Amino acid sequence: MNQEKTKTALISGIAGQDGSYLAELLLNKGYDVHGIIRWDSVFLTERIDHLYKDPHIHGVRLHLHYGDMTDTGSIERLIKEIKPDEIYHLAAMSHVRVSFDMPEYTCNTDALGTLRILEAIKNSGLPIKFYMAASSEMFGSSPPPQNEKTPFHPRSPYACAKVFSYHITRLYREAYNIFACNGILFNHEGTRRGPTFVTRKITRGVASIKAGLDEKLYMGNLEAKRDWGLTQEYVVVMHLMLQQEKADDYVIATGESHSVKEFLEKAFNYAGLGDWQKYVETDPRYFRPAEAENLVGDISKAKEKLNWQPKIKFDELIKIMIDADFRKLKLTPPGEGDKILKEKFSDKWWKVD
Ligand code: G4F
């Protein structure tokens with residue numbers, strides 16, 4: 001284990017894709033990690049089950065708590081009791097399409113949730129460092145490439161809520177001297193990505209077609225362009241932001257822009273299925289009333305100030321995700337993705353799916 005000074009972190013949204021990897025990273029660094037999970041009648045903790053230990057065992061360093069971003073009392077209580085050194089605020093209703101169906105819930109959770117945490121930090125009087133998961137969606141229809149100076153033009157209720165969160169985080173930094181950072185992360189994907197987001201929907205769909213379980217994949221807007229990176233690399237930079245001398249905001253991306261169509265083409269080819277057009281149909285239900293058409297990040301600031309840049313780009317990401325989804329269906333993966341992970345990350349701190 002790579003021991004740093006023992007610190008305590010609180011992660012909202014610990015059971016999500018980003019939260020699970022971040023928890024793994026921080027545990028590996030010797031942190032005590034507390035995570036907030038939402039109550040449900042079934043367990044929603046599949047992504048962190050491998051990290052969880054019975055709390056009765058002595059020396060357990062992962063602690064889970066029920067709470068909710070809409071429940072001020074639970075947020076204040078947890079911050080008071082845990083007294084974290086760092087808070088990583090990742091909890092959100094994160095599906096852009098769904099935010100059009102549930103705009104009020106989305107804004108309550110994603111916008112006011114951030115304010116509730118910041119108020120609790122302010123009222124606690126503790127020197128807590130705060131990471132806020134902002135989003136490339138905030139740029140919306142602003143022309144690419146987008147960086148920290150690009151104006152926001154949000155194109156969904158989700159993106160509007162994130163713009164509020166971004167500004168309230170900046171305001172609490174300026175007004176109350178809280179060490180608060182916005183990570184403006186572009187799309188980040190991987191084998192723990194939820195199956196309704198486009199990359200995972202495609203890689204799962206491809207594996208399913210290859211296994212003979214499905215014949216078609218129904219998709220939305222194939223022309224939209226995104227900047228897709230690997231999540232594990234992005235959670236590293238969340239931690240890095242809170243270790244700087246000064247709190248600041250950073251764009252985190254790969255700097256490459258590709259369309260959904262290109263993703264389909266590469267994924268079907270890599271899986272040995274040939275022409276994607278034989279398998280893909282569009283369905284209006286997956287289109288959005290307004291779309292962010294072309295998002296691609298300019299990471300000059302993160303490169304210069306954080307000395308960060310990603311190792312994994314578009315082609316490699318697809319191979320890594322397809323290999324994992326093949327394995328899940330007991331298919332033999334083409335294997336290039338597994339090789340890339342092995343070669344580029346000799347010091348893997350996460351469980352490979
Ligand atoms: O995978 P998506 O749903 O991700 P989106 O909307 O870019 O947002 C994701 O990344 C943001 C930046 O990190 C996060 F803030 C946010 O929480 C989320 O994680 O869609 C990507 C693109 C869109 O343009 C969408 O219209 O793919 C297009 N698309 C085409 N067909 C589809 C589909 N998206 C989904 N989910 N499903 C489809 O069938």
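Checked against (1) free of Cβ contacts under 8 Å to residues at least 40 places away in the same chain; (2) near the ligand (Cβ under 9 Å from one of its atoms), LEU222 meets all criteria but (1).
May I ask you to verify whether GLU245 is within 30 Å of ARG285 (Cβ to Cβ) and outside any helix (DSSP H, G or I)? Here the answer is no, as GLU245 does not meet what is asked.
Among the residues that make up segment 77-89, is at least one of them within 16 Å of the ligand (Cβ to nearest atom), under 26 Å from LEU240 (Cβ atoms) and in contact with a strand residue (DSSP E or B) (Cβ under 6 Å, 6 or more places away or on another chain)? Scanning segment 77-89 turns up at least one residue that is within 16 Å of the ligand (Cβ to nearest atom), under 26 Å from LEU240 (Cβ atoms) and in contact with a strand residue (DSSP E or B) (Cβ under 6 Å, 6 or more places away or on another chain). Condition check for GLU291 on (1) within 16 Å of the ligand (Cβ to nearest atom); (2) part of a helix (DSSP H, G or I); (3) of a type in the set (Asp, Glu): one failure, at (2). Summed over segment 271-286, residues that are surrounded by 14 or more Cβ atoms within 10 Å (Cβ to Cβ) and either within 16 Å of the ligand (Cβ to nearest atom) or under 25 Å from the mean Cα position of the chain (by Cα) (or both) total 4.
Are any residues in segment 328-339 more than 23 Å from the chain's Cα centre (by Cα) and basic (Lys, Arg), and if so, which ones? Before the answer, list the steps.
Step one: list which residues in segment 328-339 are more than 23 Å from the chain's Cα centre (by Cα), which gives 329-336, 339.
Within segment 328-339, LYS330, LYS339 meet the criteria.
At negative phi and crowded, with 23+ Cβ neighbours inside 10 Å: does that describe GLU189? Yes.
Checking each residue in segment 192-231 for being touching a Gly at 6+ places or on another chain (Cβ under 7 Å), buried (at least 22 other Cβ atoms within 10 Å of the Cβ) and not polar (S, T, N, Q) picks out ASP227, LEU230. Restricted to segment 303-326, and to residues there that are within 15 Å of the ligand (Cβ to nearest atom) and in a helix (DSSP H, G or I), the residue that is nearest to VAL235 (Cα to Cα) is LEU317.
The single condition among (1) part of a loop (DSSP other than H, G, I, E, B); (2) of a type in the set (A, V, I, L, M, F, W, C); (3) buried (at least 20 other Cβ atoms within 10 Å of the Cβ) that PHE263 does not meet is (1).
Residues in segment 176-212 that are away from the ligand (no atom under 15 Å from the Cβ), within 18 Å of ALA134 (Cβ to Cβ) and either among the aliphatic types (A, V, I, L, M) or in a helix (DSSP H, G or I) (or both): ILE178, ALA180. When we screen ASP275, ASP283 for residues that are acidic (Asp, Glu), over 30 Å from LYS246 (Cβ atoms), at pLDDT 95 or above and in contact with a helix residue (DSSP H, G or I) (Cβ under 8 Å, 6 or more places away or on another chain), the only hit is ASP275. In segment 226-236 there is no residue matching the filter, namely being modelled with pLDDT of 95 or more, more than 25 Å from GLY337 (Cα to Cα) and in contact with a Lys or Arg (Cβ under 9 Å, 6 or more places away or on another chain).
Go over the candidates LYS342, LYS348, LYS319 one by one and state the one that is exposed (fewer than 14 other Cβ atoms within 10 Å of the Cβ), farther than 27 Å from SER141 by Cα and within 20 Å of the chain's Cα centre (by Cα).
Values: LYS342 fails: within 20 Å of the chain's Cα centre (by Cα); LYS319 fails: exposed (fewer than 14 other Cβ atoms within 10 Å of the Cβ).
Selected residue: LYS348, the only one of LYS342, LYS348, LYS319 that is exposed (fewer than 14 other Cβ atoms within 10 Å of the Cβ), farther than 27 Å from SER141 by Cα and within 20 Å of the chain's Cα centre (by Cα).
The values are calculated or read from the model by the stated rules, or taken from the named source; none is laboratory data. None of these values were measured; they are calculated from a predicted model. Here the Cβ is made from the backbone with ideal geometry for all residues, glycine too, and neighbour counts use every protein chain on show.
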